[in-house]
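Before any comments, here is the structure.
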Amino acid sequence: MSTRKEHKGGYQTTYFDGDTVETGKGERGPRVRRVPSGDSVERLVCPECNFINYENPLMVVGAVVTFGDKFLLCKRSIEPRAGFWTIPAGYMELHETPLDGAKREAVEEANAAIEIDALLAIYTIPRISQVQMIYRASLPEPHFSPGPESTDVGLFSWDEIPWQEIAFPTVHWALNHFQEVRGQSAFAPFTNPEGATGTL
């Protein structure tokens, strides 16, 4: 049940649960936050048709890429953490697999055609509602260059990695987890280090 009246060039609607929403004439869509019937989480709901806008965690895919004993790293040209080094990684696109997404990110960020070997890790970052799937991959040929989201791309030995300039905690985790299973053909994918949440 609701009451509706014209207000400030649009409408002011008060719903049965006490929510009051001001909308332009003809405005529709999920715009009221409440817990839908049968649910336990507050969500955006359309008060006219009860459509629920589910906001779910974002999927990030990427890869620790090596050529010989060196690691492929990209210096970010965009925020967050512009100017810091990372592995090729980014958000999955609609209708692609995680494998395809990781390969695409390597092309977009480093113009690198990679070969994926195994799933290295699945990390969760609850603070930003993010899940990361990181693969182990190799670079068949040392052909790479900065993509639109990178200012520089390079190959680094383990001792050359600029650890103080790494963009995100998950990049630290992935590089170290890679090193733990280097040369192993079978291993269980890693998860967050104990107690780690990905906070910078």
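Any read-out appearing in this document is the output of simple, stated calculations on the displayed coordinates, not a laboratory observation. Please read these numbers as outputs of a predicted model, since none were measured by experiment. We place every Cβ from the backbone using ideal geometry, glycine too, and count neighbours over all the protein chains shown.
The charge dipole of region 58-180, taken about its Cα centre with unit charges on the Cβ atoms of Lys, Arg (+1), Asp and Glu (-1) only, comes to about 300 debye. GNM remark for the chain: springs join alpha carbons under 10 Å apart, and the peak mean-square fluctuation among SER129, SER37, SER77 falls on SER37. Modelled label positions at GLU55 and ALA82, each set 7 Å beyond Cα in the direction of Cβ, lie 2.6 nm from each other.
Treating r as the C-beta distance of TRP158 and ARG31 and R0 as 45 Å, the FRET efficiency rounds to 0.30.
Any idea what angle helix 169-180 forms with the longest principal axis of the chain, computed on alpha-carbon atoms, 0 to 90 degrees, nearest 10? The angle comes out near 40 degrees. Computed from the C-beta positions of ILE128 and ASP39 and an R0 of 22 Å, the FRET efficiency is 0.50 to the nearest 0.05. Neighbour counts of C-beta atoms inside 10 Å place CYS74, CYS46 in the sequence CYS46, CYS74, starting with the fewest. Residue separation of ALA196 and CYS46 scaled by 0.36 nm, minus their Cα-Cα distance, works out to 50.3 nm of gained length.
In a shell of Cβ-Cβ distance under 14 Å around LEU99, excluding LEU99 itself, what net charge do Lys and Arg (+1) and Asp and Glu (-1) give? After counting each charged neighbour, the total is -3.
Applied to region 51-65, the Karplus parametrisation 6.51 cos²θ - 1.76 cosθ + 1.60 on θ = phi - 60° returns per-residue 3J(HN,Hα) values of 4, 10, 8, 7, 9, 10, x, 8, 9, 10, 10, x, 8, 7, 10 Hz, with x for Gly and Pro.
Taking the DSSP bridge list for the chain and keeping only pairs wholly inside it, about 80 percent are antiparallel. Which net charge results for the neighbourhood of GLU108, defined as the other residues with beta-carbon distances under 13 angstrom from its beta-carbon, given Lys and Arg at +1 and Asp and Glu at -1? Surrounding charge for GLU108 is -3. When GluC sites (Glu not before Pro) are flagged only if DSSP places them in a loop and at most 15 other Cβ atoms lie within 10 Å, the longest unflagged stretch of the chain comes out as 97-193. Phi-derived couplings, Karplus 6.51 cos²θ - 1.76 cosθ + 1.60 at θ = phi - 60°, listed residue by residue for region 27-41: 6, 9, x, x, 8, 10, 8, 7, 8, x, 4, x, 10, 10, 10 Hz, with x used for Gly and Pro.
The long axis of helix 98-110 is offset from the longest Cα principal axis of the chain by roughly 70 degrees.
Summary of the geometry: region 69-96 and region 126-200, compared by the centres of their Cα atoms, lie 9 Å apart.
In this label model, GLU108 and GLU96 are separated by 0.6 nm, measuring between points 7 Å along each Cα→Cβ vector.
Each of HIS95, HIS143 was scored by other Cβ atoms within 10 Å of its Cβ. Listed from fewest to most, they are HIS95, HIS143.
Between ALA167, GLN130, LEU200, the Cα set farthest toward the positive side of the dipole of region 103-200 (charges on each charged residue's Cβ, about the Cα centre) is that of GLN130.
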